Amino acid sequence: RDRAYTYFHVGMLGSEGEDAFDKAIDLATRALELDNTMAHAHLTLGVVSIVRGKPKQALAALKFANHFEPQDWETHQWLAYLYAGVGLHSKALTHARALVTIDPNEPMSQIWLLWILVYDGQIQEARSLLERSEFDLSIPHRRFGLALMQAWLGKRDLALEILAPVQAPKAYDYMTQMILVFRDALRGDKEAMKRDLSPDLIKSVRADAWGACTVAECFSMLGDSESALQWLERAANWGWFNYTLYAKTDPFFEPLREDSRFKAFLVRVKDQWEHFKT
């Protein structure tokens, strides 16, 4: 079971890509043939379906995982992610709040809850939570999440202060590289972003709808609407079709909102969002 989930992460890092995802599916499927109640095997099938752009298939697997192991933190995390991506914020919030209940001392529990609150436009509650929370920034995911929340809430200078100590990794690291790209966008540094959006990062982001959305946000901040729209199409086609996020709540897409191509994109995304069945 653990090997299957490990192969999923190997694929996410881009080092083996689709081959790693295939291995993850094979191991999880064989585990379920022996015992269909193995929650982590269902989780593995769910997360691979997410990164392959199959949200309905992913949701079915994650629901099984949640049924067999209702207190599993990672399952709630991925359910929050999936529901956030398809624009079902109330369901995403249920799972984000579960993360805090299950492990209130894990900083990512708080960051996930902050994330979903701002997606849902609950800015005051997000600000209140942010003000009373403390974060250890030694892990890149935490640093990026906190900086993103500050920038989202209009404190871009504070976000840059949080990201300032980060240096380019000696070996490829997905989240650290994403931090560099986001920092470049906040600084308005197009040349640095061209450099930091490396081939390895592009390969990883193509298997990550959230990552594609984030890169689109960065290009939007830099005024590159063409590139932003290309990455938005990737995000939406890969299961990140949160209409409310794109049309209303995400401040990073404000430069795009009068663009006729973006408006046409919203029409397509709204149809996906309205017809997604849970």
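Considering only the stretch 156-171, state which residues are over 18 Å from Gln110 (Cβ atoms) and in a helix (DSSP H, G or I).
Matches in the stretch 156-171: Arg156, Asp157, Leu160, Glu161, Leu163.
One line per residue, one yes/no per condition, for (1) modelled with pLDDT of 95 or more; (2) open to solvent by less than 60 Å² (accessible area, probe 1.4 Å):
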{"position": "Asp224", "(1), (2)": "yes, yes"}
{"position": "Ala228", "(1), (2)": "yes, yes"}
{"position": "Tyr246", "(1), (2)": "yes, yes"}
{"position": "Pro251", "(1), (2)": "yes, yes"}
{"position": "Pro255", "(1), (2)": "yes, no"}
{"position": "Ser260", "(1), (2)": "yes, no"}
{"position": "Lys263", "(1), (2)": "yes, no"}
{"position": "Val269", "(1), (2)": "yes, yes"}
{"position": "Gln272", "(1), (2)": "no, no"}
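State all residues of the stretch 70-90 that are in a helix (DSSP H, G or I) and surrounded by fewer than 18 Cβ atoms within 10 Å (Cβ to Cβ); if no residue qualifies, say none.
Correct list: Trp73, Glu74, Ser90.
Within the stretch 70-103, work out how many residues are aliphatic (A, V, I, L, M) and under 15 Å from the mean Cα position of the chain (by Cα).
9
Give the residues of the stretch 40-69 that are surrounded by fewer than 20 Cβ atoms within 10 Å (Cβ to Cβ) and either outside any helix (DSSP H, G or I) or more than 21 Å from the chain's Cα centre (by Cα) (or both), sorted by residue number.
Arg52, Gly53, Lys54, His67, Phe68, Glu69
Ala28 versus (1) touching an Asp or Glu at 6+ places or on another chain (Cβ under 8 Å); (2) modelled with pLDDT under 90: which is the lone unmet condition?
So Ala28 meets the others, but not (1).
Residues being more than 11 Å from Asp200 (Cβ to Cβ) and surrounded by fewer than 16 Cβ atoms within 10 Å (Cβ to Cβ): count how many of those fall in the stretch 158-177.
Number satisfying all stated conditions: 7.
Note down all Cβ pairs under 6 Å where the first residue falls in the stretch 49-73 and is at pLDDT below 95, the second is surrounded by 21 or more Cβ atoms within 10 Å (Cβ to Cβ) and not in a helix (DSSP H, G or I), and they're at least six residues apart or on different chains.
Val51/Ala207; Gly53/Trp238; Gly53/Gly239; Pro55/Val86; Pro55/Gly239
The values are calculated or read from the model by the stated rules, or taken from the named source; none is laboratory data. Everything quoted here is computed from the prediction, not taken from an experiment. Reconstructed Cβ throughout: ideal geometry from the backbone, glycine too, with neighbour counts over all protein chains shown. Areas reflect the complete protein model, heavy atoms only, side chains present, ligands, DNA and RNA absent. Shrake-Rupley method; radii C 1.70, N 1.55, O 1.52, S 1.80 Å.
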